1. Where the only charges are on Cβ atoms (+1 Lys, Arg; -1 Asp, Glu), what is the dipole of the range 81-225 about its Cα centre, to the nearest 20 debye?
2. Could you work out the local net charge near T56, counting Lys and Arg as +1, Asp and Glu as -1, over the other residues with Cβ closer than 11 Å to its Cβ?
3. Suppose R0 equals 22 Å; then what is the FRET efficiency for L191 and W171 from their Cβ-Cβ distance, rounded to the nearest 0.05?
4. Pick from A219, A65, A91: which residue has the top mean-square fluctuation in a GNM of the chain where Cα pairs under 10 Å get a spring?
5. Of E137, E316, E347, which has the most accessible area and how do the rest follow, probe 1.4 Å?
6. Per residue, how much accessible area does the range 139-228 have with a 1.4 Å probe, in Å²?
7. Please grab the % of Cα pairs in the range 88-189 that end up more than 15 Å from each other.
8. Can you grab the distance from the C-alpha centre of the range 32-51 to the C-alpha centre of the range 227-260, Å, no decimals?
Amino acid sequence: MTPRGVLGHWPWAALVVFCAVPFIPGTQAAIYGQQFLPLFIYAVLALGLNAVVGYTGLFHLGIAAFFGIGAYVTGILTVPQFPFQQSFLVAVIFSALAAAAVGVLTTAPTLRLRGDYLALVTMGFGLIAVFVIRNLENITAGTKGLNPVSPHLLPGIDDPNLGALRVRPGWGATWRAYPYFYYLSLVVLVLTYLFLGWVERSRLGRAWVALREDELAAACMGLSPARLKLSAIALGAGLAGLAGALYAVSQRTTAGPQAYDFNRSMTAICCVILGGLGNRPGVLLGVFLLIGYDQVLTPILDNEFQKDWYQQLFPEHMRGKQYLKVSGWRLVIFGAALIIMMRFRPEGLLPEARRKLELEAGDGDGEIR
C-alpha cells in the first residue's frame, strides 16, 4: 500500500483511539476526552461545507448561519420557556431540515452567480443571520442565548439513570454527560463520514464533480446545474444544522449570536482547505489539526507556560501578559500556517486525487498546461 493509501485510512485508526479515550484511567484523560468533543462537532460542520465547496466548487462563506439555525431550532424545540419540549431525536431532525430548507430558499435566487460574487452573497447571508438572531429577542433571547438545552434522548421516554454504566470514575449519570454524549457525537460523525462516502460514489456525487470541473459541459451532457447546486447546498446546510444541534446540546445552551459569526465560517473554510478540498480524510485531518490546536493543545500549553519556571524567564512587569500565552498568538499561527500551505501545498495536506493531478499538471503560474 502506498503512503497516500495509508494516510487515506488514518481516520479508522483515530476512531479506535477516540473510542478508547474514556477508558484511560485518571481524571486528566476525562478532561482531554471532553475537549475532544468539539472536534467531532466541527468535523460534521466541515464535512457539510466540503460537500458544497469541495464537491461542487461553490465558494460558500455563510456556513456558520446554518450552524446557528440548527442550534437555535434545537433550543426552541427543547428549552422550558417554549411549549414544544421535544426530544433530542426530534430536535436534530427538525434542525437539519430547517437548515437545509433555509439553504435552498436563500440560494435559489443566486444560482446564476459564480466565484467571488457567490462568495459575497453567502457572506452577506451569514451576516444577516447573526443580525436576525440578535434582534429577535422574544424568540432567540438576543445576546443571551436559549438555555438550558437539556432534552430527553427519545420522544416519550424519560432518561434512565446511567449510573450502572459508570465503569470508570467520572462518568456522568445522564446521556448528555461525558462520555455518553461524546460517543453519540462520535457515532454521528462516523455515520456522516460513511454517508458522504456513499454520496461520492453515487451518480449524484459524480454529477457534482462534473459540475465543478466544467458547468457548461455538464449542462451539455443533460445535467441540471441549478438542481445540482441546490442539492449540494441542501446537504451541506443540513449537515451544518445537525452540527449546530449537537453543539447546542453539548453546551447546554445555544450561546449568543457571536458564536455563529463570520469567524466560524472562516474557521470551517480553513479546515477544509488545510486538509484538502473534496477529500473526506483530508477534511478530518484539517479539523483535528486546526481545532485540535485551538481547543486541546492551546489550553495545555497556556497552563504549562503559566507555571513559575516559565514566568521566571521574564522581567516581573511582563509576567502574566497575554503575549506570553500561546492563545495570544493563535491567530498569527493560523495565518502563518495558511500562508505556508497556499505557497507550498495549495492542494492541502491530503488532496483529492483529481485535484492533485490538476495542480501537478500546472506550470509555475498555476495555469493548467
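1. In total the dipole reaches around 200 debye.
2. 0
3. According to the calculation, E is roughly 0.40.
4. Of the options given, A219 has the highest mean-square fluctuation.
5. Highest to lowest solvent-accessible surface, that is E316, E137, E347.
6. Dividing the accessible area of the range 139-228 by its residue count gives 56 Å².
7. Everything past 15 Å amounts to 76 percent.
8. Taking the Cα centre of each part, the range 32-51 and the range 227-260 sit 12 Å apart.
The values are calculated or read from the model by the stated rules, or taken from the named source; none is laboratory data. Fair warning: this is a prediction, and the values are worked out from it, not measured in the lab. Every residue, glycine as well, gets a Cβ built from its backbone with ideal geometry; the counts of neighbours run over all protein chains shown. Please note that ligands, DNA and RNA were not included when accessible areas were found on the heavy atoms of the full protein model with its side chains. Shrake-Rupley method; radii C 1.70, N 1.55, O 1.52, S 1.80 Å.
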